[in-house]
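Here's the structure we're looking at; comments come further down.
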Amino acid sequence: ETAVFQTPNYHVTQVGNEVSFNCKQTLGHDTMYWYKQDSKKLLKIMFSYNNKQLIVNETVPRRFSPQSSDKAHLNLRIKSVEPEDSAVYLCASSYSGQLYFGEGSKLTVL
Amino acid sequence: QQKVQQSPESLIVPEGGMASLNCTSSDRNVDYFWWYRQHSGKSPKMLMSIFSNGEKEEGRFTVHLNKASLHTSLHIRDSQPSDSALYLCAASANYGNEKITFGAGTKLTIKP
């Protein structure tokens, strides 16, 4: 049963364009995350928010910017995409340490 | 450098056999471990967690944890084709809100 919703599920764009991914969770959790999963399936944390506050900000290029309007929503904007940004972006929320992932947003940069 | 190392990278087990997966953290601050399973084209889902030394069993799945060596292992007995998936080990130094780091995963294939 999906409780972490991501849109869009797929996005194809060209180098230099801007793209945004949206995430909403209906679990009532306080903490939300963005992870990037590359073509080798390596899952890397990018950002985490606790109740709209940024608490983890890994070393990601400045063109990535997260935004949280409330604890149920966490969006990710990529200002000027590069080929290496092609990946699946996974949003998650957590409770007692357990992560609940959305279905992912697959980005392809041509 | 990955702080969470998993082995083997891939594993083929006959149906009905035992699969054993390993995970070690190089971060001495780590206190908590989880195992996630990711089927092809799907997102990861938590399988089991272990926070104390020893063993935990849930059905066909058993996890072990040795906190001194920061090593955890996942064992699947009577493996089924539906167990074929990527198994990801996750570790954290703080229960709940802190950074949860994943290993590169073990790709498990169960051969009918």
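Coordinate-derived values only; no laboratory data. Note that this is a predicted model, so its numbers are computed, not measured. Glycine gets a Cβ as well: all are built from the backbone with ideal geometry, and neighbour counts include every protein chain shown.
The table for this structure:
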read-out: Using a Förster distance of 41 Å, the FRET efficiency for A:Leu54-B:Leu11 (Cβ separation, nearest 0.05); value: 0.60
read-out: Where trypsin sites (Lys or Arg not before Pro) in DSSP loops with at most 11 other Cβ within 10 Å are excluded, longest remaining stretch of chain A; value: A:63-110
read-out: Label-point gap, in nm, between A:Ser39 and A:Tyr95 - each point 7 angstrom along Cα→Cβ; value: 3.8 nm
read-out: Debye log10 I(q)/I(0) at q = 0.13 Å⁻¹ for segment B:56-112, Cα point scatterers; value: -0.43
read-out: Cα centre as origin, Lys/Arg/Asp/Glu Cβ charges: chain A dipole, Debye; value: 140 debye
read-out: Intensity falloff of the protein assembly as shown expressed as log10 I(q)/I(0), Debye formula with alpha-carbon point scatterers, at q = 0.10, 0.14 Å⁻¹; value: -0.45, -0.87
read-out: DSSP bridge pairs, chain B: antiparallel proportion in percent, nearest 5; value: 90 percent
read-out: Residues of type lysines that A:Lys106 reaches as a straight line, Cα spacing below 17 Å, ignoring anything fewer than 8 places off in the same chain; value: A:Lys24, A:Lys36, A:Lys40, A:Lys41, A:Lys44, A:Lys79, B:Lys42
read-out: Computed E for A:His73/B:Lys67 - FRET, C-beta separation, R0 45 angstrom, nearest 0.05; value: 0.75
read-out: Dimensionless Rg over Rh [segment B:13-112; C-alpha; Kirkwood]; value: 0.97
read-out: Chain lengthening between A:Ser20 and A:Phe5 when straightened (0.36 nm per residue, less Cα-Cα); value: 4.0 nm
read-out: Cα Rg, Dmax, segment A:1-65, angstrom units; value: 13.2, 36
read-out: Charged-residue dipole, Cβ positions (Lys, Arg, Asp, Glu), chain B about Cα centre, Debye nearest 20; value: 200 debye
read-out: Nitroxide proxy distance, nm - points 7 Å out along Cα→Cβ at B:Lys42 and A:Thr13; value: 3.0 nm
read-out: Theoretical FRET efficiency, 1/(1+(r/R0)^6), r = Cβ-Cβ of B:Lys56 and A:Ser65, R0 45 Å, to 0.05; value: 0.70
read-out: Mean Cα-pair separation over length for chain A, i.e. relative contact order, pairs under 8 Å, 6 or more apart, %; value: 37 percent
read-out: Whichever aspartates and glutamates have a C-alpha closer than 17 Å to that of A:Lys52, once near sequence neighbours (fewer than 8 apart) are set aside; value: A:Asp30, A:Asp70, B:Glu98
read-out: Where only alpha carbons of segment A:43-107 are counted, the Rg and the Dmax (Å); value: 12.0, 36
read-out: Dimensionless Rg/Rh of chain A - Kirkwood Rh, Rg from C-alpha atoms; value: 0.94
read-out: Lysines with Cα under 16 Å of B:Lys56, excluding same-chain neighbours fewer than 8 positions away; value: B:Lys67
read-out: Among B:Ser25, B:Ser79, B:Ser52, residue whose mean-square fluctuation peaks in a GNM of chain B (springs only between Cα atoms under 10 Å); value: B:Ser52
